[in-house]
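Q: For reference, the structure I am asking about is given below.
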Amino acid sequence: MELELEQHASGLSINLRNRGFDALRHGANLHRTLASLPNLDLIRTVCEQAPFPIWQSFQDGSIGWSNGRYQSLDTHVVRRNAGKGRPLFILPDSLADAGKPVRVSLKDTEHNRTYWFDVSREKFETGHLNFAVDIHAVVNAESAQRNFVQTLAKTFAHLAIGLAIFDRNRQLVLFNPSLIDLTELRPDYLTARPNLFSFFDQLRDNHVMPEPKNYASWRERIADVISAACDDNFNETWHLPNGLTYRVTGRPHPDGAIAFLFEDISAEISLTRRFRGEADITHSALDALEDSLAIFNQAGFLQLSNRAMGRFFDPRKPSPLEKMNIREVTCLWQEQFQPSPAWGEIRDFITGNAERETWSTQLRHVDGDRFDLQVSPLVSGATLVTFRYALAKQGKGLETTSKSKRSSTVAA
């Protein structure tokens, strides 16, 4: 650089030039460069007013310069009985230059409070520049989250349904003891937080889910399961080789998480099958009877009828008989028999407007045959209606209508 001083009558002019360069060409660039240099007062103010501690440390561990936030913590929070010169933050030797921040706590014994900071450092001259960011709110939020998860875990621990919750990264984050009992997965495997694909692979290996027909498409099958669970429409029944039956449900959770519920419904399935078998036996027994039987529920809908009763219904009607009510059924019966006041009495009996006692009467079919009609109450407000050929009573005479007469017909 070349410095030129020139005396004038009114004062002194000072020119600074780059030696060997044309000042007219490079003077403006030089001015812009010098003008862009940071203002030292601004830098000092920013460092002093920063809301987090900044300090300089040397190789021997001593502290050099520090900003106002550091000095405030050093004076009013921690420095009660400690001597001056001692570092405020005790940092581990593993803290690398410009590396991952380390979490450090400061104890405020007077107010029984703990301050948490993430401390990072940058190499500077013979030591380091250190920066501590206040993460007290973050630590409190993490603690609240852990307490919430522990509360959920204690609540779910008493459920008989197995629960597995996977986060947005598809890692297992929560499960209950029932999941171990139902899936036979090892606790150490579950606590290692397996991903969703590994979880279902282990279920398949333990024969806790149906064996895929095509193993090559297994991954596609699991992807479909995950997609269905995210859309809240995954609900399957798994029939396992050991005879058990599981109901597996997938539900989406906030922040992209997924929950899977495993429920053992073997007893429910067994009871349903047994009930269905007993119902089939009962229906077969009723079909074997010569008498025409019809059972109505308390609401007045036809619940069960045997094969012999079919002669009194119009075979051209496409609708299922079980969906017909007593008014529709009696209208069909009226078409098969000659006029009788019995149909209104049946409707009153079934709908609960008449006395619940067995009664009977005789009807004449349109083809001339005589039938004995008997109406009997059943449990739970149901009603049994029986049609029987009157020819079976020849030699004994035709019996007249009697509301006190009881029929020998037994409803199975």
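The values are calculated or read from the model by the stated rules, or taken from the named source; none is laboratory data. Remember, it's a predicted structure, so these values are computed and weren't measured experimentally. So basically every Cβ, Gly included, is an ideal-geometry build from the backbone, and we count neighbours across all protein chains shown.
Q: Filtering the range 219-247 down to residues that are of a type in the set (A, V, I, L, M) and within 16 Å of PHE197 (Cα to Cα), which residue is surrounded by the most Cβ atoms within 10 Å (Cβ to Cβ)?
A: Top of the filtered list is ALA229.
Q: Sticking with this one: Could you give me the residue pairs with C-beta distances under 9 Å whose first residue belongs to the range 216-236 and is over 18 Å from ARG251 (Cβ atoms), whose second residue is among the charged types (D, E, K, R) wherever it lies, and which are 6+ apart or on separate chains?
A: Listed by first residue and then by second, the contacts come to TRP218/ASP201; TRP218/ARG204.
Q: Out of the range 128-173, which residues are modelled with pLDDT under 85 and either in the same structural domain as ALA50 (by TED's automatic domain parsing) or not in a loop (DSSP other than H, G, I, E, B) (or both)?
A: GLN145, ARG146, ASN147, PHE148, VAL149, GLN150, THR151, LEU152, ALA153, LYS154, THR155, PHE156
Q: Here is a follow-up. Does any residue in the range 114-128 that is within 14 Å of GLY64 (Cα to Cα) come within less than 7 Å, Cβ to Cβ, of a residue that is of a type in the set (Ser, Thr, Tyr) six or more places away or on a different chain, and which pairs are these?
A: As it stands, the answer is GLY127/SER57; HIS128/SER57, since those pairs meet every condition given.
Q: Could you give every pair whose Cβ atoms fall below 6 Å, whose first residue belongs to the range 259-272 and is touching a residue at least 24 places away in the same chain (Cβ under 8 Å) and under 17 Å from ASN242 (Cβ atoms), and whose second residue is among the small types (Gly, Ala, Ser) and assigned to a strand (DSSP E or B), counting only separations of at least 6 or pairs across chains?
A: PHE262/GLY162
Q: Out of the range 111-166, which residues are surrounded by 15 or more Cβ atoms within 10 Å (Cβ to Cβ) and among the polar types (S, T, N, Q)?
A: Correct list: SER120, ASN130.
Q: Any residue at all in the range 100-109 that is exposed (fewer than 14 other Cβ atoms within 10 Å of the Cβ) and on the phi > 0 side of the Ramachandran plot?
A: No: the range 100-109 contains no residue that is exposed (fewer than 14 other Cβ atoms within 10 Å of the Cβ) and on the phi > 0 side of the Ramachandran plot.
Q: Step by step: first the residues of the range 360-412, then only those that are at pLDDT below 85 and among the β-branched types (Val, Ile, Thr), then the one that is surrounded by the most Cβ atoms within 10 Å (Cβ to Cβ). Which residue is that?
A: Going through the qualifying residues, I end up with THR409.
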